[in-house]
């Protein structure tokens, strides 16, 4: 069964391959698993492991806040995609020999960490769930994505697109899959069930659009600093 959703920049297709059960349901006795595909103009995307997969409707009990690091290194955020529980603190250590200015103007928290230099660190704590799109006000191409969630069932697939969740209680959930170029898709799932779930995101029509700086202005209009 194929379902297609059209967005401004891309088209997302969810392909559900079900064996012996009603569509949109999949699980195993030890949990649930599936596979994500991101199809771009060259075929399947090599960065499918930068997708985000999570279940909504799952109990948030036992999801403890933590501290993680997202490095600024070689004019890039490392890692580029991160998942943290609600209440977690994300630190941004600067490993470059020049300044960065990490900021976000939308999502679960709007923040501006200001300019900070090599061997300095700035932090931000996320008190609400959502997808944070994070940029550098100095370097236009730097981008990171932090998924803040209150579910214990959130992960990134491996390089083959495979993902799994262990110990999922029986019930109905919403599976959400997101990728920077492939967009987002939601799929209702039930636990337990049998079959195979493949969620395919179609990024063939994706076109890069440069985000604006923290003041809502074009980077090109300011000239380059580094």
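Computed quantities for the displayed model
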| read-out | value |
| --- | --- |
| Residues 153, 206 arranged by fewest to most Cβ contacts within 10 Å | 206, 153 |
| Potential extension, residue 41-residue 166 segment - 0.36 nm per residue separation minus Cα distance | 41.6 nm |
| Packing-based exposure ordering (other Cβ within 10 Å, fewest first) of 141, 181 | 141, 181 |
| Inverse mean reciprocal Cα-Cα distance (Kirkwood Rh) of the stretch 97-179, Å | 15.3 |
| Per-pair calculated FRET efficiency, R0 = 30 Å: residue 123 and residue 143 via Cβ, rounded to 0.05 | 0.95 |
| Burial ordering of 201, 71, 175, fewest other beta-carbon atoms within 10 Å first | 71, 175, 201 |
| Where a label projected 7 Å from the Cα of residue 68 along Cα→Cβ would reach, residues of the stretch 74-93 with amide N under 17 Å | 77-93 |
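Bear in mind these aren't lab numbers, they're just calculated from the coordinates by the rules spelled out. Quick caveat: nothing in here was measured; it's all calculated off a predicted structure. Cβ sites come from the backbone with ideal geometry, for glycine too, and all protein chains shown count toward neighbours.
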